[in-house]
1. His171's amide H: which non-local residues (gap 5+, or another chain) put their own amide H closer than 5 Å, with H modeled 1.01 Å from N in plane and none for Pro or chain starts?
2. Amide H of Val274: which non-local residues (sequence gap of 5 or more, or other chain) have their own amide H closer than 5 Å, using H built in the peptide plane?
3. Whole-Hz ³J(HN,Hα) for each residue in region 262-269, computed from phi via Karplus 6.51 cos²θ - 1.76 cosθ + 1.60 with θ = phi - 60°, x for glycine and proline: what do you get?
4. Straight distance only, please: which aspartates and glutamates reach the Cα of Lys250 with their own Cα at less than 17 Å, same-chain residues fewer than 8 apart left out?
5. Provide the per-residue ³J(HN,Hα) series for region 113-118, in order, calculated from phi with Karplus coefficients 6.51, -1.76, 1.60 and θ = phi - 60°, each as a whole number of Hz, with x at glycine and proline positions.
Amino acid sequence: MKGYKISLARTLDAITFVSNLLLLLHLTSVTGEVGDSGIGQAMNEVEPHSGGNAGASGQRGRSCKLHSPAKVSRFQRLGKLVGTDKVDPHHGFHNVYPRYLDYLRWQPIKLLEIGFYKGSSIKLWMQYLRKAKIVSMDKMCVKGKEVCRGRMSTPHTQVLSSEELRRFSFHHKDQTIESDNADVCEKDGPFDVIIDDGAHTMVSIRTSLKVLLSCVKPGGYYIVEDLHTAYQAEYGGGFRSEDSVMNIFKEMMDVVNNRAFNKSYSVVPGDDRVSAVSCFPQICVVEITKG
Ligand SMILES: C[S@@+](CC[C@H](N)C(=O)[O-])C[C@H]1O[C@@H](n2cnc3c(N)ncnc32)[C@H](O)[C@@H]1O
């Protein structure tokens, strides 16, 4: 049985290797690029010498040249290779994530993402954040739990290598249930980075934020994606609607700026630790004070 498991793990690693190789060849044939642009290179990437601190409270390396619109960042290249819509032009989150996460690429941080779907973004986090523990939470899986646990693939899902599996855990939970969010925080938190890419309804975003903002480490980030839904009635939102979660982010600005005058003003639990709120098209980033 043990020998069977080992050979199964080896087979899965071989499948991952071959599929990554095919993806790299595909990219090469489309763009003519090799060098430091693809998964193959990213996997063999050597850790740069770094004197930085571990965790999200370390020094930020916000290099301007990485974010020049003329250049394609590593994040964007990896995102295209794994097939996540985070780097699609209509989202453009590659214009946001590198400025917050590039300096954490070789740090042993912990990242929670709500929303597994086909595992594309999990594969992206694995390859972009090379020492991070990646935690996923989803109320359903494409084809059974084993797929969401990264142990099996379907033609459309990503399988994780054994090294990646050691850095991964999955929680079968519903983000609209407060106690489900709390369970994930208790079992795997606190986190340096939390990303909400789940149901995108106002109720789901509000429920997770209410519980999980306090589960972000000092110096960390709470990020909510796809906020165009805050303007759509079918997600419980609407332009300047009372129910839109954009009100939370706008009012958090009052918490941050008004703190010296009104210490008791609060919008969600844990916002007394918020140091900044930055919103870009369809995505908001809440920064937690370094402590
Ligand atoms: C946009 S997809 C996630 C995409 C993925 N992060 C990526 O970039 O590849 C949204 C996911 O949220 C999950 N989801 C929907 N409602 C949820 C809920 N109430 N709790 C947890 N997950 C939920 C869906 O099952 C789906 O897998």
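Readers should treat all values here as calculations from the given coordinates under stated rules, not as data from a laboratory. These numbers come from a predicted model, not from an experiment.
1. Ser136, Met137, Asp138
2. For Val274, whose amide H was placed from the backbone, the distant partners under 5 Å are Thr289.
3. 9, 5, 8, 6, 9, 9, 9, x
4. List returned: Glu225, Asp226, Glu242, Asp271, Asp272, Glu287.
5. Values, residue by residue: 10, 8, x, 8, 6, 9 Hz.
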